[in-house]
1. Determine if the stretch 3-18 includes at least one residue that is part of a helix (DSSP H, G or I), at pLDDT 95 or above and farther than 17 Å from residue 71 by Cβ.
2. Given the criterion of a type outside the set (D, E, K, R) and buried (at least 18 other Cβ atoms within 10 Å of the Cβ), identify the matching residue among 46, 17.
3. Quick one: is residue 56 without any contact (Cβ under 8 Å) to a residue 40 or more places away in the chain, surrounded by 18 or more Cβ atoms within 10 Å (Cβ to Cβ), among the small types (Gly, Ala, Ser) and touching an Asp or Glu at 6+ places or on another chain (Cβ under 9 Å)?
4. Which of the residues belonging to the stretch 54-85 are farther than 17 Å from residue 9 by Cβ, of a type in the set (A, V, I, L, M) and part of a helix (DSSP H, G or I)?
5. Restricted to the stretch 59-74, and to residues that are over 9 Å from the mean Cα position of the chain (by Cα) and not aromatic (Phe, Trp, Tyr), which residue is surrounded by the fewest Cβ atoms within 10 Å (Cβ to Cβ)?
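The values are calculated or read from the model by the stated rules, or taken from the named source; none is laboratory data. Since we're looking at a predicted model, the values are computed, not measured. Here Cβ is always computed from backbone atoms with ideal geometry, including for glycine, and neighbour counts include all displayed protein chains.
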Amino acid sequence: MTPRRALHILGAVELTTLACLLLNLVTVHHRTISAILGPVHGLAYTATIIAAVLLADGRKRVWLSALVPGFGGLLAARTVDLAHH
């Protein structure tokens, strides 16, 4: 697995967990779901930023993209892709 692919997967997990948290909030608002998904989302968000910093190779645009909640990991993966072409 390439580092770019790992960043893409982390970004997808971050976005999915955020979407599930928001869906839970506007529908059933079950505390157990929030208690499980909240830390998982936080871990995915943090891991996405760390992976982007490691892949940035001195390019601020890569890791700054990762700071965007929800879509940041996917943006950073795309930015890494664009930088290599």
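1. Within the stretch 3-18 (the criterion being part of a helix (DSSP H, G or I), at pLDDT 95 or above and farther than 17 Å from residue 71 by Cβ), the answer is no, since none of the residues qualifies.
2. Residue meeting the stated conditions: 17.
3. In short, no.
4. 56, 64, 82, 83
5. Selected residue: 60.
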